Amino acid sequence: MAAFSISEVRAMEILDSRGEPTIMTRISTEGGFSGSFSVPAGASRGRSEAFELRDGGKRLGGRGVLTAVANVEGPLAEVVRGRDVRRQWEIDEAMVRADGTKNKSRFGGNAILSVSMATARAAAAGLGEPLYRYLGGVGAREIPVPFMNVINGGVHAGNELAIQEFMIVPLRFNTFREALFAGVEVYRELKSLLIGKYGRSAKNLGDEGGFAPPIGRSEEALEILVGAIEEVGFSGKVKLALDAAASGFFDEEDGKYLVDGRSMSPGEMEDFYLDLVERYPIVSIEDPFHEEDFESFSSLTKKIGGRVQLVGDDFFTTNVERLKKGIKMRAGNALLLKINQIGTLSESLHCAEVALRAGYSVMVSHRSGETTDPAIADLAVGLRCGQIKAGAPARGERVSKYNRLLEIEEELGSEAVFAGESALGID
Ligand code: PGA
Ligand code: ZN
């Protein structure tokens, strides 16, 4: 039907949450409906991610995306114009083929993703369905567990914490609303504990809306988190998770990890994690080793994979080839799904499917540079994967995802199910 065929593709340069330029694309169809998407950007990027096209040169420190905008309105529009927005695979494949490079470096992964996601939105609009139902069908009614990054370190903050993300995970609740607001109670308590202990500067926020206190040791952050959870009465119900983003503190010269004032070998690093999971209620650890050390990742999975979720972000970069390598080696037991790491919706969905079929769990993720676009909330519900990480319950670009989930839960009414503990696939 012609109503669904793409008539217009427009893009523009907008800003992300770090004040960096990014791209927003709108796709319109003959039938007069449309959809848009704004692309996020990472700071601790995996080396195997799709190419993010930036203008270079002097303007905005080279970070402009005007070339990507021109690629969307020029060659990519040429490829997709006249195609049916409901044929997501076909459109994505055609763009990938036209790009012709392995990592989408010709047109830019950011340019391609913006068209890919805007296409899905336009299709959903044309069918009169919310995005989550368009993606996941009528059975998509599970609201994911939120992984809230409440203490920021690594490249997301100006403190000395090597570990990038300290997350709270409200697991044992009946609804998403209850879980989210339990997280908010912890966040509020954490703020006052931090100010009490370190002074007012401790309430400064990092890139993902978590606090960036002047803490140097991982244990200190974990202790204060446990204290905050206890204080608001959620011990046992709200758990903890880490994203080490270990490539960020790995010294390639001597093959050591620099954490908490120590220089550790991969073996010592493993002991470090084994010790932490004994002493703290940690249910999930992401990127515990640098992104090429599949052996250490596999060894840790063998030891604690039955009771702790081990998530590959930079390890897998939402790339089926890398994920398959991980599955083969039993490295990790969960995939972090970031659509801009691979650059199309279709490839992201395929990667999630490969993970789920292999018994890996899947966590949909934001980037540290976000916009207020809530599409990943719909994606997490559509995938029925039961987990999402979207930062702290603060700042517009983070809460837009959580607020969207509240809205979806409300819309589904008694049909809605909170994913809870079972989503993690561990004992
Ligand atoms: P990034 O970090 O978006 O800055 O890459 C997020 C993460 O490592 O999960
Ligand atoms: Zn990560």
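Using alpha-carbon positions, what is the distance between the centroids of the range 94-118 and the range 282-353, in Å?
Cα centroid to Cα centroid, the span is 23 Å.
Could you report the range 136-424's accessible area per residue, 1.4 Å probe, as an integer in Å²?
35
For the range 2-128, what is the charge dipole size about the Cα centre, in debye to the nearest 20, if Lys and Arg each add +1 at the Cβ and Asp and Glu each add -1 at the Cβ?
Roughly 340 debye for the range 2-128.
Which far-off residues, 5 or more places away or on another chain, put their amide H under 5 Å from the one on Met264, with H placed in the peptide plane?
Tyr257, Leu258, Val259
Using only Cα atoms, tell me the angle between helix 320-329 and the longest principal axis of the chain; keep it within 0 to 90° and round to the nearest 10.
30
When the Cα centres of the range 196-273 and the range 364-378 are compared, how far apart do they sit, in Å?
When both Cα centres are located, 23 Å separates them.
Please compute the modelled spin-label separation between Val354 and Arg307, points set 7 Å along Cα→Cβ, answer in nm with one decimal.
Modelled inter-label distance: 3.2 nm.
What residues qualify as long-range amide H neighbours of Ala419, i.e. H under 5 Å apart, gap of 5 or more or another chain, H built at 1.01 Å from N?
Amide H neighbours of Ala419: Ile143, Val145.
How much length is gained if the chain between Ser265 and Asn103 is pulled fully straight, taking 0.36 nm per residue apart and subtracting their Cα-Cα distance, in nm to one decimal?
55.1 nm
For the range 252-263, in order, what is each residue's ³J(HN,Hα) by Karplus, 6.51 cos²θ - 1.76 cosθ + 1.60 with θ = phi - 60°, in whole Hz (x at glycine and Pro)?
5, 4, 10, x, 10, 9, 9, 10, 6, x, 10, 10
Take the alpha-carbon positions of the range 40-181, form their convex hull, and give its projected area averaged over all directions (one quarter of the hull surface) in nm².
The directionally averaged projection comes out at 12.1 nm².
Using alpha carbons only, how many degrees (0 to 90, rounded to 10) separate the axis of helix 109-127 from the longest principal axis of the chain?
Tilt of helix 109-127: around 70 degrees.
Between Pro144, Pro40, Pro130, where does the largest GNM mean-square fluctuation fall for the chain, given springs only between Cα atoms within less than 10 Å?
Pro130
Read phi for every residue in the range 408-423 and hand back ³J(HN,Hα) as whole Hz from Karplus 6.51 cos²θ - 1.76 cosθ + 1.60, θ = phi - 60°, with x for Gly and Pro.
Running phi through 6.51 cos²θ - 1.76 cosθ + 1.60 with θ = phi - 60° gives 5, 4, 5, 4, 6, x, 6, 6, 5, 10, 7, 4, x, 4, 4, 4 Hz.
What full-extension length gain, to one decimal in nm, is calculated for Arg87 and Arg10 as 0.36 nm per residue of separation minus the Cα-Cα distance?
25.8 nm
Under a Cβ-Cβ cut-off of 9 Å, what is the net charge of the residues other than Thr344 that fall near it, where Lys and Arg count +1 and Asp and Glu count -1?
-2
In the calculated pair distance distribution of the chain, what percentage of Cα-Cα distances lie above 37 Å?
Values: 18239 of 90951 pairs.
The share of Cα pairs beyond 37 Å in the chain comes to 20 percent.
Calculate one ³J(HN,Hα) per residue across the range 35-41 by plugging θ = phi - 60° into the Karplus curve 6.51 cos²θ - 1.76 cosθ + 1.60, and present them in order as whole Hz with x for glycine and proline.
Per residue, the Karplus-derived 3J(HN,Hα) values read x, 9, 8, 10, 8, x, 9 Hz.
Please compute the per residue accessible area over the range 2-128 with all protein chains in place, 1.4 Å probe, rounded to a whole number of Å².
That works out to 42 Å² per residue.
Report the residues of the range 153-192 in range of a label on Arg217: point 7 Å along Cα→C-beta, backbone N strictly under 19 Å from it.
Correct set: 153-154, 159-166.
For the chain, the longest stretch holding no trypsin sites (Lys or Arg not before Pro) located in a DSSP loop with at most 13 other Cβ atoms within 10 Å is which? The partial results should precede the final answer.
Values: sites that count: Arg47, Lys58, Arg81, Lys102, Arg307.
Within the chain, the longest run free of exposed trypsin sites (Lys or Arg not before Pro) spans 103-306.
On a 0 to 90° scale, report how tilted helix 176-198 is relative to the longest principal axis of the chain, with both axes built from alpha carbons and the result rounded to the nearest 10.
Tilt relative to the chain: about 50 degrees.
Mind listing the long-range amide H neighbours of Leu15? Cut-off is under 5 Å, sequence gap 5 or more, other chains count too, H placed in the peptide plane at 1.01 Å from N.
Sorted by chain and number, the residues that satisfy this are Thr22.
So, counting K/R as plus one and D/E as minus one, what does the shell of residues with Cβ under 12 Å around Ser422 add up to? Intermediate values should be presented prior to the final figure.
Details: positive: Arg172, Arg384; negative: Glu142, Glu421, Asp427.
Summing Lys/Arg as +1 and Asp/Glu as -1 gives -1.
Given springs between every Cα pair under 10 Å in a Gaussian network model of the chain, which of Leu383, Leu242, Leu412 has the largest fluctuation?
The residue with the greatest mean-square fluctuation here is Leu412.
Of all the accessible heavy-atom surface of the range 121-165, with the other protein chains kept in place and a 1.4 Å probe, what percent is carbon and sulfur?
47
Which of Gly326, Gly126, Gly183 moves the most in a Gaussian network model of the chain with Cα springs under 10 Å?
Of Gly326, Gly126, Gly183, the most mobile in the Gaussian network model is Gly126.
Mean residue ellipticity at 222 nm from the helices of the chain, using -39,500 (n - 2.57) per DSSP H segment of n ≥ 4 over the full residue count, to the nearest 500 deg cm²/dmol? Intermediate results must be reported in sequence, preceding the final value.
On the way: 14 runs with 162 residues, N = 427.
Helices in the chain give a 222 nm mean residue ellipticity of -11500 deg cm²/dmol.
If I stretch the segment between Asn204 and Glu252 completely, what's the gain in nm (0.36 nm per residue apart, minus their alpha carbon distance), one decimal?
In short, 14.1 nm is gained.
The values are calculated or read from the model by the stated rules, or taken from the named source; none is laboratory data. Here the structure is a predicted model, which means the values were calculated and not measured. Every residue, glycine among them, receives a Cβ derived from its backbone with ideal geometry; neighbour counts consider all protein chains shown. Remember, those area values only see protein heavy atoms, side chains included, never the ligands or the DNA or RNA. Shrake-Rupley method; radii C 1.70, N 1.55, O 1.52, S 1.80 Å.
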